[in-house]
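Reviewing the structure listed below.
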Amino acid sequence: MNEEQYKMVYDCVVNGKINDATKIGESLKAAGIDSKDVGAVLIDAMNNVGHRYREREIALPQLILATHSFKKMLVPYVGSSASSSGVVVMGVAQNDIHDIGKNLVVGMLQVYGYKVHDLGKDVPLDKFVEQAKATGANVVGAGTLLTATMPELDTILQKLKAAGMKDKVKFMVGGAPVTTTFAKRIGADGYAGDAILAVELVGELMKGNQAYLAASEGRS
């Protein structure tokens with residue numbers, strides 16, 4: 001990807017140009033730009049948007065537009081893989097309605113060839129287990145943005161164990177308040193600090209490995 005293409009992708013997301021996003025994605029794919037290169041720029045852009053939102057430089061509508069632009073730009077790439085890299089069930093824990101981070105992870109996993117069953121937000125905890133059984137999932141991922149709902153992640157893991165699923169699926173966690181220390185303490189197989197790392201993490205889990213990948217800001 002050249003500098004002009006990088007700026008085009010970055011600007012589209014940062015400025016929430018939702019009407020241009022799919023067309024840009026199509027042009028990049030037609031030009032032979034790899035989805036992984038596009039994804040890396042998209043994450044750079046969303047990191048910028050997330051920072052600006054946290055600093056109250058932009059409001060929620062701009063954040064939502066950026067997220068939709070991110071997803072639309074990936075549409076031409078999703079489903080282009082000849083076969084699935086694996087099956088992932090992903091959702092935001094019950095009592096949490098913040099799903100922007102989860103949406104980014106889902107989009108990136110789809111680009112990398114994973115079949116993702118997106119449960120959405122505020123997901124009843126039993127649904128993670130039910131969907132894992134129904135889909136033959138390799139990995140179950142759960143996240144939260146709220147400290148108050150972090151215990152729900154542990155509960156999901158315990159429900160997987162009680163259902164006899166823990167030997168069949170790997171369990172990963174993520175979200176702003178979650179740390180590698182927390183993930184290890186509850187017995188999760190992995191933790192990822194951002195969407196790019198989540199793709200790497202799922203790859204490790206598919207190999208049967210555990211992994212705890214902190215974001216560049218460095219949470220441990």
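Read the figures in this text as sums done on the coordinates, not as results from a lab. Source: prediction; values computed, not measured. When we count neighbours, we look across all protein chains shown, and the Cβ atoms used for this are built from the backbone with ideal geometry, even at glycine.
For region 190-206, 3J(HN,Hα) computed residue by residue from phi via the Karplus equation (6.51, -1.76, 1.60; θ = phi - 60°) reads x, 9, 10, x, 7, 5, 5, 5, 4, 5, 4, 4, 4, x, 5, 5, 5 Hz, glycine and proline entered as x.
Full extension of the segment from LYS133 to LYS168, taken as 0.36 nm per residue of separation minus the current Cα-Cα distance, would add 11.7 nm. With semi-axes defined as the square roots of five times the eigenvalues of the C-alpha gyration tensor, the equivalent ellipsoid of the chain measures 29, 20, 15 Å, largest first. Between GLU200 and ASN19, the modelled labels are 3.9 nm apart [label points 7 Å from Cα along Cα→Cβ]. Relative to the longest principal axis of the Cα atoms of the chain, the long axis of helix 100-111 makes an angle of roughly 80 degrees. Remark: for residue pairs LYS23/LYS121; LYS36/LYS71; LYS29/LYS102; LYS71/LYS127; LYS102/LYS127, the C-alpha separation exceeds 18 Å in LYS23/LYS121; LYS29/LYS102; LYS71/LYS127. Using only the C-alpha atoms, the convex hull of region 3-74 corresponds to 68 Å³ per residue. Computing FRET efficiency as 1/(1 + (r/R0)^6) for ARG54 and ASN209, where r is the C-beta to C-beta distance and R0 is 30 Å, gives about 0.40.
Computed over Cα pairs, the Kirkwood radius of region 42-127 leads via Stokes-Einstein (0.890 mPa s, 25 °C) to a diffusion coefficient of 176 µm² per second.
Using 0.36 nm per residue and subtracting the Cα-Cα separation, the extra length available between TYR10 and ASP37 on full extension is 8.5 nm.
Report, by chain and number, residues whose modeled amide H sits under 5 Å from the one on ASN95, excluding near sequence neighbours (fewer than 5 apart, same chain). Residues meeting the criterion, in which the H sits 1.01 Å from N, are ASP122, VAL123. Each Lys and Arg adds +1 at its Cβ and each Asp and Glu adds -1 at its Cβ; summed about the Cα centre, region 75-145 shows a dipole of about 180 debye. Between the listed residues VAL89, GLY50, ALA192, the Cα displaced farthest toward the positive end of the dipole of the chain, a dipole computed from Cβ unit charges relative to the Cα centre, is found at VAL89. Kirkwood-type hydrodynamic radius, region 87-213: 13.8 Å, calculated from all non-identical alpha-carbon pairs. Partner aspartates and glutamates whose Cα lies under 18 Å from the Cα of LYS161, excluding those fewer than 8 positions away in the same chain, are identified as ASP126, GLU130, GLU152, ASP189. Gain on full extension, evaluated as 0.36 nm per residue between VAL75 and LYS161 minus their Cα-Cα distance, stands at 27.4 nm.
Remark: the chain carries a charge dipole of roughly 500 debye about the Cα centre, counting +1 on each Lys and Arg Cβ and -1 on each Asp and Glu Cβ.
Of the peptides 37-43, 190-196, 19-25, 207-213, the ranking by mean beta-carbon count within 10 Å, highest at the top, reads 190-196, 37-43, 19-25, 207-213. Between GLU130, GLU200, GLU55, the Gaussian network model of the chain with springs among Cα atoms under 10 angstrom shows the greatest mean-square fluctuation at GLU55. By the helix-only formula, in which each DSSP H run with n ≥ 4 contributes -39500 (n - 2.57) and the sum is divided by residues, the chain has a 222 nm mean residue ellipticity of -16500 deg cm²/dmol. I'd like the orientation of helix 150-162 relative to the chain: the angle between its Cα long axis and the longest Cα principal axis, in ° from 0 to 90, rounded to 10. Tilt relative to the chain: about 60 degrees. Principal-axis analysis of the Cα atoms of the chain puts helix 125-135 at an angle of about 80° to the longest axis.
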